[in-house]
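The structure appears below as structure tokens.
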Amino acid sequence: MIVTIDGPAGSGKSSTAKAVAKKTNWYYLDSGSLYRTWTLLYIMGGMDMKVFLEFLDSHNVTLHASDGDIEPLLNGEGVGDEIRTTIVSDNVSAVAAMSEVRAKVNEEMRRVVKEHDFVADGRDLGSVVFPDAALKFYMIADLDERALRRKKELESKGIEANLKAIRSNLAERDHLDSSRDEAPLTKPEGAVEVDTTRMDFEEQVAFIVNAIKEKVE
Ligand code: C5P
């Protein structure tokens, strides 16, 4: 079974999906982490599109599941928080707009979901990648609130964060992700919209866990 949570950057998708997965004993699939890992490779190649296109064939980005956790690997090695840095965030939407990259990411996600139950978060999961998902959510929140949350999240990981820069990165990514030709960010058909601006974290999680319980029972 698969439950999808799509929405703009910083709307609370990943932290909510992670907590829901824990409560339901499912795996959490962070599709953005795959795009971020390919972006890391793009940066390693000197941000040269020609080099990156060659890298796409000679390197691989995979998902590794163990002990209820799932992590992206670049050529078999974990990438950790290297994929959360500002330079990766600033370049990820351009890399994610490439159809070659999307095809690879989608293939890997579809492979891994055959083996487990998943709560998955992203931009196009309910609309394109898993249109037959058992339940679909579309999570949104005001831009200022999203920027504040992202700042706290980065700081908790010891990554220095500037609120103005985060806000403009989120706005820029919203724009690029919604306006691209392939698999743009959109509310999937049949998705339940959840506006988290004034919801607290526990409420968000409970809302989705209850919806899953209703569906499963
Ligand atoms: O979820 P996160 O913010 O880490 O995603 C990083 C970027 O990856 C997004 O801004 C978007 O450009 C891309 N992405 C995507 N499709 C997905 C998940 C992420 O294009 N399903």
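Give the residues of the stretch 37-75 that are open to solvent by 50 Å² or more (accessible area, probe 1.4 Å), part of a loop (DSSP other than H, G, I, E, B) and either closer than 22 Å to residue 120 by Cα or charged (D, E, K, R) (or both), sorted by residue number.
Hits for the stretch 37-75 are 48, 60, 67.
Counting only residues that are away from the ligand (no atom under 11 Å from the Cβ) and in contact (Cβ under 8 Å) with a residue 12 or more places away in the chain, which one in the stretch 79-99 is least open to solvent (accessible area, probe 1.4 Å)?
Per the stated criteria, the residue is 79.
Of everything in the stretch 98-129, what is touching a helix residue (DSSP H, G or I) at 6+ places or on another chain (Cβ under 7 Å) and outside any helix (DSSP H, G or I)? Give them in sequence order.
119, 120, 121, 122, 123
State which residue is farthest from residue 31 (Cα to Cα) when the search covers only the stretch 128-160 and only residues that are touching a Ser or Thr at 6+ places or on another chain (Cβ under 6 Å) and among the small types (Gly, Ala, Ser).
If we take residues in the stretch 128-160 being touching a Ser or Thr at 6+ places or on another chain (Cβ under 6 Å) and among the small types (Gly, Ala, Ser), then 141 is farthest from residue 31 (Cα to Cα).
List the number of the failed condition for residue 165; all other conditions in (1) touching a Ser or Thr at 6+ places or on another chain (Cβ under 8 Å); (2) near the ligand (Cβ under 9 Å from one of its atoms); (3) part of a helix (DSSP H, G or I) hold.
Single failed check for residue 165: (2).
For the stretch 153-166, give me each residue that is under 18 Å from the mean Cα position of the chain (by Cα) and either free of Cβ contacts under 8 Å to residues at least 24 places away in the same chain or crowded, with 16+ Cβ neighbours inside 10 Å (or both).
Result: 153, 154, 166.
The values are calculated or read from the model by the stated rules, or taken from the named source; none is laboratory data. Nothing here was measured: the structure is a model prediction, and the numbers come from that model. Glycine also receives a Cβ, built like all others from the backbone with ideal geometry; neighbour counts cover every protein chain displayed. Quick note on the areas: whole protein, heavy atoms, side chains included, nothing else; ligands and nucleic acids left out. Shrake-Rupley method; radii C 1.70, N 1.55, O 1.52, S 1.80 Å.
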